[in-house]
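See structure below.
Please treat every number below as a calculation from the coordinates, not as lab data. Since we're looking at a predicted model, the values are computed, not measured. As a convention, Cβ positions derive from the backbone with ideal geometry for all residues, glycine included, and neighbour counts pool all protein chains shown.
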Amino acid sequence: MKKFLALALTAAMTMTMLTACGSSEPASAEETEAATEETTEAVEETTEAEESTEAPAEETAEAATSEALADGVLTVGTNAEFPPFEYVGDDGEPDGFDMALVKAIGEKLGVEVQIENMEFASLVSSIGSKIDIAAAGMTVTDERKETVDFTNSYYEAVQYVILPADSEIATADDLKDKAIGVQLGTTGDFIAEELTSNVSQYNKAVDAVNDLVNGRVDLVIIDKNPALVFENKFEGQVVAVDGAQFGFEPEEYAIALPKGDTALADQINAAIDELKADGTFDELVKTYIEAE
Ligand code: ARG
């Protein structure tokens, strides 16, 4: 933001100079005055912007731009082991709904988006240092909110239970004392740990499903859409069951960002609103989620 105002200021000053020293005709008093006024305005704006950087968050709502965007790059952490929200594409780069969403957000904000693929369990603690934000089908939880802030939620989810095709597990009671496979640090992991001490944690969700197929675990708890993708991938071997049947509560996905960076939250929320209004968001849902 400061850079932009400085540019505007320079432009206004250049105009003043050009007008004042115009080659063919001397500038009229009126023109010079108008240009001088512009310069003064720009100076005032710059001062305001500088003051607002120091002012408490509530007062910066209008002019604020997050420090995270100052370098023109938005570094986004993800864990590309979670189709259809993020997975490694054929070209070896992270792809998926969240990746397309953050790229569209970056375009709206006029910044370059750089993706860092890392372990899901490392994302929250990397925000504000290694990465600016995390987009990873991440559920808003009170525990995470102690460390990071979240944008408005952009997707509703629920945990599913993946079972061997011939499993008899059907009720919440049946889940007790079973060997459960989960992705480390996920909400599915937290649910599993409340049910039993026999939890196998994997860095890659697909490895949990592989162990389910191999008979090393009795069930896998994972979010709905990835569960449906895996049900497809392991067709005939596993079934994905809606966790509502076991009493699991709905969850909300949102982008996680540094605690207290309300400017960034506002800017991303505004960008998401625009993407919803112009139809881009629905397009991405169709392309990445409903096509599954
Ligand atoms: N929604 C779950 C959570 O927040 C799982 C997210 C896993 N995401 C991923 N990209 N691996 O814990």
Between Ala157 and residues 5 or more places away or on another chain, the pairs with built amide H atoms under 5 Å apart involve Glu251, Glu252, Tyr253
So between Phe190 and Glu119, what do we pick up on full extension, going 0.36 nm a residue minus the alpha carbon distance?
23.9 nm
Counting other Cβ atoms within 10 Å, which GluC sites (Glu not before Pro) in the stretch 160-246 have at most 16 and lie in a DSSP loop?
Glu168, Glu235
Which ³J(HN,Hα) values, rounded to whole Hz and listed in residue order, are derived for the stretch 267-278 from phi using the Karplus coefficients 6.51, -1.76 and 1.60 in 6.51 cos²θ - 1.76 cosθ + 1.60 with θ = phi - 60°, glycine and proline given as x?
5, 5, 4, 5, 5, 5, 4, 5, 5, 6, 5, 8
What ³J(HN,Hα) values, in whole Hz, does the Karplus curve 6.51 cos²θ - 1.76 cosθ + 1.60 give for the stretch 190-200 when θ = phi - 60°, with x put for Gly and Pro?
5, 5, 4, 5, 7, 8, 7, 9, 8, 10, 9
Please compute the length gained on full extension between Gln237 and Glu156, using 0.36 nm multiplied by the number of residues separating them and subtracting their Cα-Cα distance.
26.4 nm
Which peptide among 200-212, 138-150 comes first, and what is the full order, when sorted by highest mean count of other Cβ atoms within 10 Å?
200-212, 138-150
Of the listed links Lys103/Lys233; Lys130/Lys204; Lys108/Lys233; Lys224/Lys276, those spanning more than 31 angstrom between alpha carbons are Lys108/Lys233
